[in-house]
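This report refers to the structure that appears directly beneath it.
The values are calculated or read from the model by the stated rules, or taken from the named source; none is laboratory data. Nothing here was measured: the structure is a model prediction, and the numbers come from that model. Here the Cβ is made from the backbone with ideal geometry for all residues, glycine too, and neighbour counts use every protein chain on show.
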Amino acid sequence: MNRKNFISIAGGTIIATVTTSYLLSDKRNLLRTDIKPANDNKKTLKPDEKEILFLASLAPSGHNTQPWFVQYVEPYHWIIGNDKSKWLPAVDPTQRETILSIGTFIQNLEYAASFFGYGCNWNLLAKTNQDERVMEVKLKKKELKNAFDIAKIKNRRTVRSDFLSNVLKPEDIKYLLNSEFIHYLPVTSKESQFINEQTIVANRLQSDRNPAQQELADWIRFSSKDAEKYRDGLTTASMEIEGFSGWVVRNFYSKNNVMKKDFRETGLDKIKQEVSESAGWILITSKDNSVATLLETGRRMQRLFLKVREKSIAIHPMTQILEEASTRQTLNQSIGISENIQFILRSGYIKNYPSPVSLRRPVDWFIRK
């Protein structure tokens with residue numbers, strides 16, 4: 001075989017190998033719509049019970065851990081529980097954020113129940129953030145005049161990119177911030193600029209803390225195979241890593257990459273870009289830090305979250321200031337708010353609202369008897 005023929009054959013072999021490798025690779029982001037409904041062979045739940053609980057599970061949570069379970073007592077009688085296996089001890093050591101997330105789940109559940117013609121009777125069980133049994137609920141058939149539009153639950157989406165920098169319109173502020181515990185800091189204010197700066201500082205501190213970075217690594221589902229296996233955590237789609245970058249991450253990244261300097265620096269660069277694009281910050285506060293108050297604050301946040309899309313407003317929870325002691329201690333005094341700050345939400349108008357992509361565990365996975 002002469003050299004020319006050898007090079008031609010070798011080149012063709014390389015091209016064929018590369019092509020085959022690409023065809024067998026993880027080529028696209030796995031989206032929520034790609035997941036087929038799981039079959040329930042146990043038949044524990046009635047159809048509307050299952051739908052109500054699935055809609056409840058579309059609530060947001062840190063790293064999309066979905067830290068809830070439901071103990072099935074009898075039809076339409078459940079205990080909402082705190083799943084300790086979903087805690088984030090490195091960034092949420094007191095489970096404050098966990099209880100807030102369970103509050104968003106409870107709000108979704110109540111809204112979904114109303115759509116199917118049920119009212120909810122609630123009974124608080126938890127006394128601490130660590131208690132496993134949080135809330136008892138009994139659903140009763142009722143005639144409800146204004147059932148909630150569950151399309152708002154299905155379409156809720158955390159958006160991270162492409163925020164416009166226009167301040168929120170007065171009429172939108174009035175519509176969204178109808179509570180003494182919700183505050184808007186426009187991008188033009190010094191308080192908003194302070195939160196911009198401190199968000200970067202807090203993310204730098206958190207990125208430098210190996211336990212926090214390892215915790216992040218544990219909740220990233222790099223491949224579509226893992227994403228479909230676990231149905232929770234952060235995927236390339238929910239992190240908005242698209243195109244060629246998404247392909248590289250899905251096929252060549254693992255937990256080990258998250259601990260490397262270049263991954264941490266890239267993450268910080270992304271944070272800097274995000275905080276430079278917004279209409280300002282929405283802060284949700286509370287009078288105290290009791291379990292009942294945290295649950296209600298989570299519900300308040302979810303009510304807000306389900307209203308913003310119709311105004312073409314996106315919100316992106318960025319809680320790192322509250323998770324790092326040095327930034328948390330100076331926050332209230334620096335922005336002139338005396339109440340307990342529970343949520344820090346970057347806000348802004350967006351031109352095109354994307355569909356939701358974050359994954360959810362099937363209801364059967366979080367039901368317990």
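Scanning segment 301-340 for residues that are under 15 Å from Asp92 (Cβ atoms) and either of a type in the set (A, V, I, L, M) or assigned to a loop (DSSP other than H, G, I, E, B) (or both) returns Met318, Thr319, Ile321, Leu322, Glu324, Ala325. The one condition from (1) touching a Phe, Trp or Tyr at 6+ places or on another chain (Cβ under 9 Å); (2) outside any loop (DSSP other than H, G, I, E, B) that Phe163 does not meet is (2). Suppose the filter is crowded, with 20+ Cβ neighbours inside 10 Å and β-branched (Val, Ile, Thr); does Thr65 pass it? So Thr65 passes the test.
Could you look through segment 217-229, keep only residues that are part of a helix (DSSP H, G or I) and touching a residue at least 12 places away in the same chain (Cβ under 8 Å), and pick out the one that is surrounded by the fewest Cβ atoms within 10 Å (Cβ to Cβ)? Even if it seems obvious, please write down each step before you answer.
Looking only at segment 217-229, we keep the residues that are part of a helix (DSSP H, G or I), and these are 217-218, 224-229.
Retained after the next criterion (residues that are touching a residue at least 12 places away in the same chain (Cβ under 8 Å)): 217-218, 224-225, 227-228.
Working: Ala217: 17, Asp218: 14, Ser224: 20, Lys225: 12, Ala227: 27, Glu228: 15.
Only one residue tops the list, namely Lys225.
Being on the phi < 0 side of the Ramachandran plot and touching a Gly at 6+ places or on another chain (Cβ under 6 Å) is the requirement here; does Arg299 meet it? Spell out how you get there, then give the answer.
Details: on the phi < 0 side of the Ramachandran plot: yes; touching a Gly at 6+ places or on another chain (Cβ under 6 Å): yes.
Judged against the criteria, Arg299 is a match.
Across segment 187-216, the qualifying residues are those that are among the basic types (Lys, Arg) and in contact (Cβ under 8 Å) with a residue 40 or more places away in the chain, and the one among them that is surrounded by the most Cβ atoms within 10 Å (Cβ to Cβ) is Arg204. Evaluating Gln329 against the criteria (1) free of Cβ contacts under 8 Å to residues at least 60 places away in the same chain; (2) surrounded by 18 or more Cβ atoms within 10 Å (Cβ to Cβ); (3) of a type outside the set (Phe, Trp, Tyr) leaves one unmet condition, (2). Just one of (1) touching a strand residue (DSSP E or B) at 6+ places or on another chain (Cβ under 8 Å); (2) outside any strand (DSSP E or B); (3) of a type in the set (Val, Ile, Thr) fails for Thr104. It is (1). Only one of the listed residues (Ala212, Ala227, Ala217) is more than 30 Å from Ile173 (Cβ to Cβ), modelled with pLDDT under 95 and not hydroxyl-bearing (Ser, Thr, Tyr). That residue is Ala227.
Confirm whether Gly298 is crowded, with 19+ Cβ neighbours inside 10 Å and assigned to a helix (DSSP H, G or I).
Values: crowded, with 19+ Cβ neighbours inside 10 Å: yes; assigned to a helix (DSSP H, G or I): yes.
Judged against the criteria, Gly298 is a match.
Of the set (1) within 30 Å of Ala202 (Cα to Cα); (2) surrounded by 20 or more Cβ atoms within 10 Å (Cβ to Cβ), all apply to Tyr111 but (1).
Quickly run through segment 163-186 and pick out the residues that are without any contact (Cβ under 8 Å) to a residue 60 or more places away in the chain and under 24 Å from the mean Cα position of the chain (by Cα).
Ile173, Asn178, listed by residue number.
Taken over segment 93-143, residues that are among the small types (Gly, Ala, Ser) and farther than 16 Å from Ser57 by Cβ amount to 4. What is the one condition in (1) surrounded by fewer than 23 Cβ atoms within 10 Å (Cβ to Cβ); (2) assigned to a helix (DSSP H, G or I); (3) under 17 Å from the mean Cα position of the chain (by Cα) that Pro60 does not satisfy? Result: Pro60 passes all but (2).
Residues in segment 231-257 that are of a type in the set (Ser, Thr, Tyr), under 16 Å from the mean Cα position of the chain (by Cα) and not in a loop (DSSP other than H, G, I, E, B): Thr235 alone.
Residues to consider are Glu339, Glu323; find the one that is within 21 Å of the chain's Cα centre (by Cα), in contact (Cβ under 8 Å) with a residue 60 or more places away in the chain and assigned by TED's automatic domain parsing to the domain that holds Leu216. Break it down stepwise before answering.
Numbers: Glu339 fails: within 21 Å of the chain's Cα centre (by Cα).
Of the residues listed, the single one that is within 21 Å of the chain's Cα centre (by Cα), in contact (Cβ under 8 Å) with a residue 60 or more places away in the chain and assigned by TED's automatic domain parsing to the domain that holds Leu216 is Glu323.
Within segment 265-295, the set of residues being more than 15 Å from Phe343 (Cα to Cα), under 20 Å from the mean Cα position of the chain (by Cα) and in a helix (DSSP H, G or I) comprises Gly267, Leu268, Lys270, Ile271, Lys272, Gln273, Glu274, Val275.
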